[in-house]
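The values are calculated or read from the model by the stated rules, or taken from the named source; none is laboratory data. Predicted, not measured: the structure shown is a model, and the values here were computed from it. Neighbour counts are summed over all protein chains in view; Cβ atoms, including those assigned to glycine, are modelled from backbone coordinates with ideal geometry. Protein only, heavy atoms only, side chains kept; ligands, DNA and RNA dropped before computing areas. Shrake-Rupley method; radii C 1.70, N 1.55, O 1.52, S 1.80 Å.
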Amino acid sequence: MPTSWPEFLLVAGVLALLGLAGNIVAGLINQKIASLHVRTVALCAVGFVAASVAFAAYQAARSAGPDAADVGATPTTADPAAPASSSASVAPTGSSASPRPSSGTPSRPDGSASATPGRKRTEYVVSVNSSTTSTMPEHPSGPTYRYWYYESANDVIGEIRYESSGGATGRWGWVPVGIGRDCAVPYVMFWLAGLPKGTYEVSVHVPDVPNLSDQVEYGETIVDQAANRGSWVSLGRQKVTDDNREIGVMQSQPHASFGESSGCRRSEQRVAYDAVRARRV
């Protein structure tokens, strides 16, 4: 199957030339069938038009964005110190270190995907703007984007605050850094499913805003957000296979950074929640 219009026109032109050559040869062999030329040319024209329509429909279907339905749900309460927060930065399906969240926040627009013209998509981005739901399709037909957040169990810290601009796709969220062993802060999960198989470079985006923490946990990776404002930070590479077509990244304040003092208070620093990108390499 051609992957671009130039390739299609080249293939169609070659087939048309072959059909014309066959028509000429058939006419030379049997001059009595005068209508043979007309029928052959008409057949080639109809075939070319039908192929053009089919290829246009194929290109439109392939370039369409994700069509995952948004479903609202009520978030659960959980503590980042729980085993779920120790997931790997990029966690395969079924990993006990990164269980699927059981609930999420109200619906939001779908995530995004981009591609070089004439080529298959090579980049997928899930962000705070992505749709949120309590479940993921078991076998999505195409890329599906999900963002969950888990409520804080401590009123001192409160829930995630959102800003309308400044993130990788516009909207982003944040919470104050908690200090004290009795703190609990919201944490989030970014999830991409239904990806084409291949190897992907997984990165996280840090918004260009002040007062960011120098210790933000993405699974087993600690990122200095303060030193990486306005940039993408790589978490390494992840293979996507037919048996494992998902990439998940959990983000939170490291529990060890709360300190040993009793109680809980807010710091002037904050943890920003923005976007995760999977780029095919």
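Here are some notes:
- Those residues of region 177-236 which are in a loop (DSSP other than H, G, I, E, B) and closer than 13 Å to Met250 by Cα, in sequence order: Pro186, Gly219, Glu220
- Restricted to region 243-281, and to residues there that are under 16 Å from the mean Cα position of the chain (by Cα) and assigned to a loop (DSSP other than H, G, I, E, B), the residue that is surrounded by the fewest Cβ atoms within 10 Å (Cβ to Cβ) is Val281.
- Some residue of region 191-207 being modelled with pLDDT of 95 or more, farther than 22 Å from Arg121 by Cα and not hydroxyl-bearing (Ser, Thr, Tyr): yes
- Subset of region 146-176 that is open to solvent by 30 Å² or more (accessible area, probe 1.4 Å) and not in a strand (DSSP E or B) - its residue that is farthest from Phe258 (Cα to Cα): Thr169
- Residue within region 219-242 that is touching a Phe, Trp or Tyr at 6+ places or on another chain (Cβ under 7 Å) and open to solvent by less than 10 Å² (accessible area, probe 1.4 Å) present: yes
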